[in-house]
Amino acid sequence: MNVRSLSILGVLALSSAALASAKTYDINLPSSAKAGAVELKPGDYKVKIEGSQAVFTDAHNKSFSVPATLENAGKKFNYTLVETDNRGGMDTIQAIDLGDSNTRVKLGQ
């Protein structure tokens, strides 16, 4: 391989990584839940990871950003799962397992 071929492969690899991080995941909240300091109403949301933020977008295209940490779970999740804990009578999102990946998103509290 020559230098030009290696450069093209490098650009393609970086583009693939950027596209993978831009993927959105669908979740449904059957009841109100807190994500960090944000209270989310019941309904469908798209979740996207942007750097150290989890961005929740509702059906009306209103977005909410919450601090998040990504973890490698060591196993592949078959579907997206929202993990909650009930605190003071309200569900609080602790983590989201991202379907078709081995990534767990832990939300800042």
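The values are calculated or read from the model by the stated rules, or taken from the named source; none is laboratory data. Worth saying up front: this structure is predicted, and the values here are computed from it rather than measured.
For this structure, a couple of remarks:
- When region 82-97 is filtered for residues that are modelled with pLDDT of 95 or more and of a type in the set (A, V, I, L, M, F, W, C), the ones remaining, listed by number, are Val82, Ile93, Ala95, Ile96.
- Listed by position, the strands (runs of 3 or more DSSP E) inside region 15-105 whose residues that are under 13 Å from the mean Cα position of the chain (by Cα) and not polar (S, T, N, Q) number at least 3 are 24-29, 43-50, 53-58, 63-77, 81-87, 90-97.
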